[in-house]
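The values are calculated or read from the model by the stated rules, or taken from the named source; none is laboratory data. Fair warning: this is a prediction, and the values are worked out from it, not measured in the lab. Because the Cβ atoms are built from the backbone with ideal geometry, glycine has one as well, and the counts that use them run over all protein chains shown. Quick note on the areas: whole protein, heavy atoms, side chains included, nothing else; ligands and nucleic acids left out. Shrake-Rupley method; radii C 1.70, N 1.55, O 1.52, S 1.80 Å.
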Amino acid sequence: MTAQVASNDRLMEELVGLCKRRGFIFPSSEIYGGYNGFFDYGPLGVELRNNIKQAWWRDFVHRRDDIEGLDSSIIMHPAIWKASGHVDGFSDPMVDCKESKLRYRADQLFIAPVHLDGESVGYVAFLEGADSTTIYKRAKKLRDLLGRKQSVLDENQLSSDPTEFTEVTAEQSAQTLGPDATEVGTLTEPREFKLMFETKVGPLADDSATAYLRPETAQGIFANYKNIVDTGRVKIPFGIAQIGKAFRNEITPRNFIFRSREFEQMEIEYFIAPDANWRELHRAWLDTCIDWLVSIGLPREAITEDIHPEDKLAFYSQATTDLMFHFPHGEQELWGIACRSDYDLKQHQEHSGKSMEIFDEASKSKYVPHVIEPSLGVDRTLLAVLTAAYCEDEVPNDKGKAEKRTLLKFSPKIAPYKAAIFPLLKNKPELVERAQAIYKKLQRRWNVFYDASGAIGRRYRRQDEIGTPFGITIDFDTIEKDGSVTLRDRDTCEQRRVSEAELMDFLEAQIEG
Ligand code: GAP
């Protein structure tokens, strides 16, 4: 039995298909043709999602003494977004194509120079992550447009250092063939595009009623920091954690649920003394976050660190490192871990007129704390989990013939169903009755599945495809001999007989251990 992962190009396609077919994720509003940047989670998706959130909450809130939970409102006083800088600054540079009417983020759009017979003739624009074949095809398109089909295209020049569109001059832009254009010079200069969704609150329709759907959960934490300091028993260092929806009018939502317009975040603001060794604490947070990702089943080797260069950091930021994951569309940000100094609290102190100081018993001093912010997307974590879990192999079918199998190797901790219970035959009441009894018993503790229909091999295969880690089969030995059941492992297909007591201990260790 040899396992293999689909090639990167095919993997995303397979994942999207599997998620739709088996009820993990659907495009939003599909009966009306879909709605770009929005997704709905089906019966299995919602379980996986909830399991990821519960694991995060358990590990970062329940199992730590220094972090408290919060659930703040999605729509908050608009002054919060003014103070945080989002009203004036939360935007992306955007480029429009005058011909195709498509819009691109300038920092995700690149140009490459096209040389024909050794002479520079213009540029082709392409999106971040485009492969060399796509870029080459666009260069050939430009060559044809220029009426030089016979000219030799220099592939080395094409793959040499691409330029981000934010750095492109007007002269270069005028000679550029856009990613979806059929003529050159159709791309506009980058313009700032506001990312916050606006709404109106109350009966008035004028500007005074303008409010925003939160683009991050973090500001709800800063806005409640005072309440938690005043009502809790927190002492520095301590954190406030929140899981909740965030909304961004992304210019180019893409790569399935990787970048969407409605998504969920799991954020912590970890407050520290201004003179604390933030470099050490930042490193400790990075390690904790990596360990957590590994604990839910992501391979350590698929996680890397992207340290933001100092000259690209916001003026208030001391350091930011993104944990990157090897998604099907390339190495991309999964978890941002930033040292944000005392900027946010000081902004709210200034705009609200309320003191954000805390009295530190240990040092007998009063100060506005600094903050380390680990910020993780639920949907991106789910995509990472799906990417890591997707696998194809060959196993013998009921007749012993090798058959292709698709499986999701979810960790039992986050798998939607923890186990599936099968009576060997559905027309034998004694088997069905025993299987139902075991099913009901397990169902009291975990989300488990009961399936009596079809050949046993097909039933196993259906569960493999949705990532159920264990199969439990009740056969005649169960009722006529010692009460033991067959326990099958999803990944190895190995089967062994266990007693009911052993079964419970085994499942508990695997799911909750
Ligand atoms: N409070 C800091 C903050 O929001 P961010 O880097 O903009 O920082 C944090 O977002 C995390 O939220 C990202 O690392 C990613 O996991 C997730 N995220 C951000 N934008 C997203 C989007 N449009 N779709 C899905 N997830 C997103």
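Normalised per residue, the accessible area of the stretch 339-454 is 44 Å², obtained with a 1.4 Å probe and no contribution from ligands, DNA or RNA. Each label point was placed 7 Å from the Cα along the Cα-to-Cβ direction; for residue 498 and residue 36 their separation is 4.9 nm. Summing +1 for each Lys or Arg and -1 for each Asp or Glu among the other residues whose beta-carbon sits under 12 angstrom from that of residue 371 gives -3. What does the charge add up to near residue 154, with Lys and Arg as +1, Asp and Glu as -1, over the other residues with Cβ less than 10 Å from its Cβ? Summing Lys and Arg as +1 and Asp and Glu as -1 gives -3.
For the stretch 454-474, the residues whose amide N sits under 20 Å from a probe point set 7 Å from the Cα of residue 399 along the beta carbon direction are 454-462. Going by Cα centres, the stretch 225-294 and the stretch 94-117 are how many Å apart? Here the answer is 34 Å between Cα centres. Of the residues 157, 174, 292, the one whose Cα sits farthest toward the positive end of the charge dipole of the stretch 143-299, with +1 on the Cβ of Lys and Arg and -1 on the Cβ of Asp and Glu, is 292.
Note on the chain: along the principal axes its Cα atoms extend 83, 78, 50 Å, ordered by decreasing extent. Spin-label pair residue 87-residue 65: with each label point 7 Å from Cα along the Cα-Cβ axis, the two points sit 4.3 nm from one another. Of the accessible area of the stretch 342-497, computed with a 1.4 Å probe over protein heavy atoms only, carbon and sulfur atoms account for 48 percent. The charge dipole of the stretch 235-367, taken about its Cα centre with unit charges on the Cβ atoms of Lys, Arg (+1), Asp and Glu (-1) only, comes to about 340 debye.
Is the stretch 193-333 best put as rounded, prolate or oblate by its Cα gyration tensor, with a ≥ b ≥ c the root eigenvalues, rounded for a/c under 1.5, and otherwise prolate when a/b is larger than b/c, oblate when not? Here the stretch 193-333 falls in the oblate category. Each principal axis of the Cα cloud of the stretch 91-151 was evaluated for its coordinate range; sorted largest first, these ranges are 43, 23, 18 Å.
When only the Cβ of Lys, Arg, Asp and Glu is charged (+1, +1, -1, -1), the dipole of the chain relative to its Cα centre reaches about 1860 debye. Expressed as a whole percent, the accessible surface of the stretch 63-199 that belongs to carbon and sulfur atoms is 47, based on a 1.4 Å probe. Rolling a 1.4 Å probe across the protein heavy atoms gives the stretch 153-261 an accessible surface of 49 Å² per residue. Can you show me the helix-derived [θ] at 222 nm for the chain, built from DSSP H runs with n ≥ 4 at -39,500 (n - 2.57) apiece and divided by the number of residues, rounded to the nearest 500. Computed ellipticity for the chain at 222 nm equals -9500 deg cm²/dmol.
Projecting the Cα atoms of 467, 330, 260 onto the charge dipole of the chain, computed from C-beta unit charges around the Cα centre, puts 467 farthest toward the positive end. The mean sequence distance of close C-alpha pairs (under 8 Å, at least 6 residues apart), as a share of the length of the chain, puts its relative contact order at 14 percent.
Here the gap between residue 430 and residue 150, fully extended at 0.36 nm per residue and compared with their Cα-Cα distance, gives a gain of 93.0 nm. With 25 Å as the limit on Cα-Cα distance, the pairs of 245/440; 245/409; 101/137 that go past it are 245/440; 245/409. Determine the sum of side-chain charges near residue 221: Lys and Arg each +1, Asp and Glu each -1, restricted to other residues whose C-beta is under 13 angstrom from that of residue 221. Local charge sum for residue 221: -4. Of the GluC sites (Glu not before Pro) found in the stretch 419-513, those that fall in a DSSP loop while having at most 16 other beta-carbon atoms within 10 Å are 494.
For residue 131 and residue 192, calculate 0.36 nm times their separation in residues minus their Cα-Cα distance, and state this gained length in nm to one decimal.
Details: separation 61, 0.36 × 61 = 21.96 nm, distance 2.75 nm.
Gain on extension, residue 131 to residue 192, equals 19.2 nm.
Label positions at residue 305 and residue 444, each projected 7 Å from the Cα along the C-beta direction, are separated by 4.7 nm.
For the stretch 280-437, give the magnitude of the charge dipole about the Cα centre (Cβ charges: +1 Lys/Arg, -1 Asp/Glu; no others), in debye to the nearest 20.
On the way: 19 positive and 26 negative charges, 197 e Å.
My answer is approximately 940 debye.
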